[in-house]
Amino acid sequence: MHVISAGEECISALTKQKHGSHSECVLTFLTSGSLDIAHRQVFTVSKGMFSVVPPGVPHSLIKGRDLHVLWLSFCPDCLDLTDNTLMAPFDSVKKGALPAFNSEPSRHEFIKTLFYELMAACSQGASLEVQRSVVVLLLNELNRSSQSELHHTHYNEKVIKAMAFVQANYLKPIGLKEVSEAVHVSAPYLAALFKKETEFTVGQWITQKRLSQACSQLLHTSLPISQLAEQLGWSDTTHFIRQFKKHLGQTPAAWRRNRENEKNN
């Protein structure tokens, strides 16, 4: 949950986990085992594959076995990467492409080396510039792999336009009515299409975007919870706190406090 974090996980058996969304970009590389993920459809990530989760995009893990996962999370805004061409795979996933990419076998050892170098740089307190340089190299490897994207099929054009409208306006008091009017279709039609394509309602998607931004604000500002809730489109602070706890398992204040403790340890 910092500007850059990296690590590894070894999991013998993983059962279904329903996720909300992340406030940061997440990139993983599987060195062994297999993992089933739901994103429009269920697909399998296996050894030698990257998977990506863009900020604010809901996702679900179905099952996994004998997993060894190398992972990286980073704040693209903090690293001045938001509009960088290296972020193309993340943008592709936002539009509905499956978030899994095959890497070339000849690159596997180099990719693993980059992850371990980044872990060392993070743990040893290397400068942000040094850490960023390793992230850029990993993103370059991801882009090399994106040429073998499993599926190039994106969301329906109306769904993409609806997502773009939500992205530009989620801090305003919008709902299904406003989104459907913006993309020039009826509310019932958009509701059914959006649910079919993404497995989420328009309202759930808006909430996830707001909560993703809430995490970013909690991490990078000292705004009071009440002021933050108002800025994020909640007129009722209590409702914001309940929604945050429902999706993230903690109140906003507890979430911020835990991240601050992690940063100082």
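The values are calculated or read from the model by the stated rules, or taken from the named source; none is laboratory data. Computed from a predicted model, the values in this text were never measured in an experiment. Glycine also receives a Cβ, built like all others from the backbone with ideal geometry; neighbour counts cover every protein chain displayed. The protein model used for the area step is the full one, side chains on, heavy atoms only, and it has no ligands, DNA or RNA in it. Shrake-Rupley method; radii C 1.70, N 1.55, O 1.52, S 1.80 Å.
Show the residue pairs meeting these rules: Cβ distance below 6 Å; 6+ apart or different chains; first residue within the stretch 172-187 and of a type in the set (D, E, K, R); second residue modelled with pLDDT of 95 or more.
Sorted first by the residue in the stretch 172-187, then by its partner, the pairs are K177/A187.
Condition first: aliphatic (A, V, I, L, M), outside any loop (DSSP other than H, G, I, E, B), closer than 25 Å to D236 by Cα and open to solvent by less than 50 Å² (accessible area, probe 1.4 Å). Now tell me which residues in the stretch 155-185 satisfy that.
Once the filter is applied, which keeps residues that are aliphatic (A, V, I, L, M), outside any loop (DSSP other than H, G, I, E, B), closer than 25 Å to D236 by Cα and open to solvent by less than 50 Å² (accessible area, probe 1.4 Å), the stretch 155-185 yields M163, V166, V179.
What are the residues in the stretch 72-128 that are open to solvent by 70 Å² or more (accessible area, probe 1.4 Å) and not hydroxyl-bearing (S, T, Y), if any?
D77, D80, D83, K94, K95, E104, P105, E109, F110, E117, Q124, L128
Can you tell me which residue is modelled with the highest pLDDT among those in the stretch 7-40 that are part of a loop (DSSP other than H, G, I, E, B) and farther than 25 Å from L81 by Cβ? Step through it out loud before you land on a result.
Let us first name the residues in the stretch 7-40 that are part of a loop (DSSP other than H, G, I, E, B), namely 15-16, 19-24, 40.
If we keep only those that are farther than 25 Å from L81 by Cβ as well, we get 15-16, 40.
Working: T15: 72, K16: 65, R40: 64.
Ranking the candidates gives T15 first.
Kindly indicate whether V45 is free of Cβ contacts under 8 Å to residues at least 60 places away in the same chain, under 30 Å from F165 (Cβ atoms) and either out of contact with any Gly (no Cβ under 7 Å at 6 or more places or on another chain) or buried (at least 21 other Cβ atoms within 10 Å of the Cβ) (or both).
Here the answer is no, as V45 does not meet what is asked.
Just name the residue that is modelled with the lowest pLDDT out of those in the stretch 41-58 that are of a type in the set (S, T, Y) and over 15 Å from the mean Cα position of the chain (by Cα).
Narrowing the stretch 41-58 to residues of a type in the set (S, T, Y): 44, 46, 51.
So of that shortlist, the ones also over 15 Å from the mean Cα position of the chain (by Cα) come out as 44, 46.
Working: T44: 83, S46: 89.
Applying the filter and picking the extreme gives T44.
Out of all the residues in the stretch 247-258, is one or more within 29 Å of K158 (Cα to Cα) and modelled with pLDDT of 85 or more?
Pass one, the stretch 247-258, residues within 29 Å of K158 (Cα to Cα): 247.
Restricting the remaining residues to those that are modelled with pLDDT of 85 or more gives none.
Looking through the stretch 247-258, none of the residues is within 29 Å of K158 (Cα to Cα) and modelled with pLDDT of 85 or more.
Going by what's in this entry, would L137 be described as among the aliphatic types (A, V, I, L, M), at pLDDT 90 or above, open to solvent by 30 Å² or more (accessible area, probe 1.4 Å) and over 24 Å from S216 (Cβ atoms)? Lay out the reasoning, then the answer.
On the way: among the aliphatic types (A, V, I, L, M): yes; at pLDDT 90 or above: yes; open to solvent by 30 Å² or more (accessible area, probe 1.4 Å): yes; over 24 Å from S216 (Cβ atoms): yes.
So L137 passes the test.
Kindly indicate which of Q231, Q227, Q213 is under 30 Å from I4 (Cα atoms), within 19 Å of the chain's Cα centre (by Cα) and open to solvent by 30 Å² or more (accessible area, probe 1.4 Å).
Checking each option against the conditions leaves just Q213.
Inspect all residues belonging to the stretch 190-197 and state whether any of them is open to solvent by 40 Å² or more (accessible area, probe 1.4 Å) and over 19 Å from G96 (Cα atoms).
No, that holds for no residue.
Which ones in the stretch 238-254 are among the β-branched types (V, I, T) and either under 15 Å from Q227 (Cβ atoms) or open to solvent by 60 Å² or more (accessible area, probe 1.4 Å) (or both)?
T238, I241
Consider K195 carefully, then state whether it is touching a residue at least 12 places away in the same chain (Cβ under 8 Å) and within 19 Å of K95 (Cα to Cα). Reasoning before the result, please.
Details: touching a residue at least 12 places away in the same chain (Cβ under 8 Å): no; within 19 Å of K95 (Cα to Cα): yes.
For K195, the condition - touching a residue at least 12 places away in the same chain (Cβ under 8 Å) and within 19 Å of K95 (Cα to Cα) - is not met.
In the stretch 255-265, what residues are surrounded by fewer than 17 Cβ atoms within 10 Å (Cβ to Cβ), part of a helix (DSSP H, G or I) and free of Cβ contacts under 8 Å to residues at least 40 places away in the same chain?
Matches in the stretch 255-265: R257, N258, E260, N261, N264.
Pull out all pairs, ordered by first then second residue, where Cβ-Cβ is under 7 Å, the residues are six or more apart or on different chains, the first lies in the stretch 96-107 and is within 13 Å of V42 (Cα to Cα), and the second is β-branched (V, I, T) and surrounded by 14 or more Cβ atoms within 10 Å (Cβ to Cβ).
Close Cβ pairs (under 7 Å, with a partner that is β-branched (V, I, T) and surrounded by 14 or more Cβ atoms within 10 Å (Cβ to Cβ)) amount to P99/V52; P99/V53; P99/V93; A100/V45.
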